[in-house]
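The values are calculated or read from the model by the stated rules, or taken from the named source; none is laboratory data. These figures come from a predicted structure and were not determined experimentally. Heads up, the Cβs are rebuilt from the backbone with ideal geometry, glycines too, and the neighbour counts pull from every protein chain shown.
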Amino acid sequence: MKKTLILLPLLAANIAMAQQKKTITGKIEDGNTSHVITGASIKIETQSVSTKTELEGIIESVSVGTVTDKDGKFILEIPADTKTVLVSYPGYESRVFQLNEGQTNYTIRLTSEVSDKNKIQEVIITGYQKIEKRKQTSAVSTVKMDNISQAGVASVDQMLAGQIAGVAVTPETGAPGSPAKIRIRGTASLSGPQDPLWVIDGLPLEGNDVPNFTDKDNIDQLQNFSIAGLNPNDIEDITILKDAAATAIYGARAANGVISITTKKGKKGSLKLNFSADTFVTSRPDFGKLNLLNASEKVDLELMLGKRADLTYRADKGEVMRILTQNSQLDAFRNGGFDALNSFTRQQINGLRNNNTDWGKLLYRNAINKQYGLSVSGGSDRADYYFSLGYYDEEGTTIGTGFKRYN
């Protein structure tokens, strides 16, 4: 009986010590910016509390922990003998924080530099799901805009040239801002449309068929892609869906492939201001390497052609032929040659030999082009924002041509 009386007080003391609690408070911050982190979790990793549920015979095990408020602060009641707590938040390294005896208030900083095994894997957007690249089985290619961005390129379709396997990009004309013909995995139809479907943030675009510039009815077509109005600086990445498995969600419109664009969005953090300015020069075509006729050689060529009576289609072609026709000297020239012409006609024709016009400088120019971009982005726990302005001005080397875009 004496032993029982001694053990009971010892057991009561141990139970009392096990039930002792202490309260810790503190704040969770970003280790790089010192900004508070809202919603970070603080818990005891190795301890849980069992509580009785409404269902008879079922006990619920609950971890001891809490989360930070909007100011990044927390209050947590823990057993007095707790030595460490686990602090975690998505995008940051989880941290086992050591508690000091006698200290109740802590400032805990988390670092956003996660290890390779915790890094977010590259994600591909296929139209109906987001899937990690390593799990993708269909034919899909993704490029980051930072890897293909080029100054002096009018639209995103031209930037894709030579960047992705299986995607052929061919400019239709040399005009400023002209659309480029894109073929994914070759020609899919002999008579129907062959242009891919453009999709921006899940929204398919219409009006992306390139005119047939070899047709005389479309030779003066100045229309462009609807995608041409998008500022390339606002693009985050581009995904090319090549085969039927990848494009099935878009139906028959995607028979020639899909080009899916993801635009930039605001991110949580302080305000970020980006400004870019580019100036580029396009040189006038150099005709110096071409063996072109000068004015005197051109006159001799027209005289040779005008002397042949069998070339009836040359009756009103060329200034020499017009002079001979207006002065009624064509027959005399064909019968007696140049010496058979009257002095006035010979004087007019010889005057053409001194008319050395540089048509290259008259029709073409050195073009100075400009491109500007401004973007503002940022965000908080509740909302994010992204705002941008863009201006692109490309002068064509042919005088009177150009392309301007405002975003």
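Which ones in the stretch 251-305 are assigned to a loop (DSSP other than H, G, I, E, B), of a type in the set (Gly, Ala, Ser), under 36 Å from the mean Cα position of the chain (by Cα) and modelled with pLDDT under 85?
In the first step, residues of the stretch 251-305 are kept if they are assigned to a loop (DSSP other than H, G, I, E, B); the result is 255-257, 264-268, 283-294.
So of that shortlist, the ones also of a type in the set (Gly, Ala, Ser) come out as 255, 257, 266, 283, 288.
Next, from what is left, pick out any that are under 36 Å from the mean Cα position of the chain (by Cα): 255, 257, 266, 283.
If the condition is that a residue be assigned to a loop (DSSP other than H, G, I, E, B), of a type in the set (Gly, Ala, Ser), under 36 Å from the mean Cα position of the chain (by Cα) and modelled with pLDDT under 85, then Ala255, Gly257 are the ones that fit.
Which one of the conditions (1) among the aliphatic types (A, V, I, L, M); (2) loosely packed, with under 12 Cβ neighbours inside 10 Å; (3) in contact (Cβ under 8 Å) with a residue 24 or more places away in the chain does Val299 fail to meet, given that it meets all the rest?
(2)
Does Arg314 satisfy being within 57 Å of the chain's Cα centre (by Cα) and either modelled with pLDDT of 85 or more or within 30 Å of Asp234 (Cβ to Cβ) (or both)?
Working: within 57 Å of the chain's Cα centre (by Cα): yes; either modelled with pLDDT of 85 or more or within 30 Å of Asp234 (Cβ to Cβ) (or both): no.
Criteria not met by Arg314.
For the stretch 119-234, which strands (runs of 3 or more DSSP E) that fit wholly inside it have 2 or more residues that are at pLDDT 80 or above and within 30 Å of Leu273 (Cβ to Cβ)? Show your work before the answer.
Values: elements: 123-125, 130-132, 140-144, 167-171, 180-184, 197-200.
Hits in the stretch 119-234: 140-144, 197-200.
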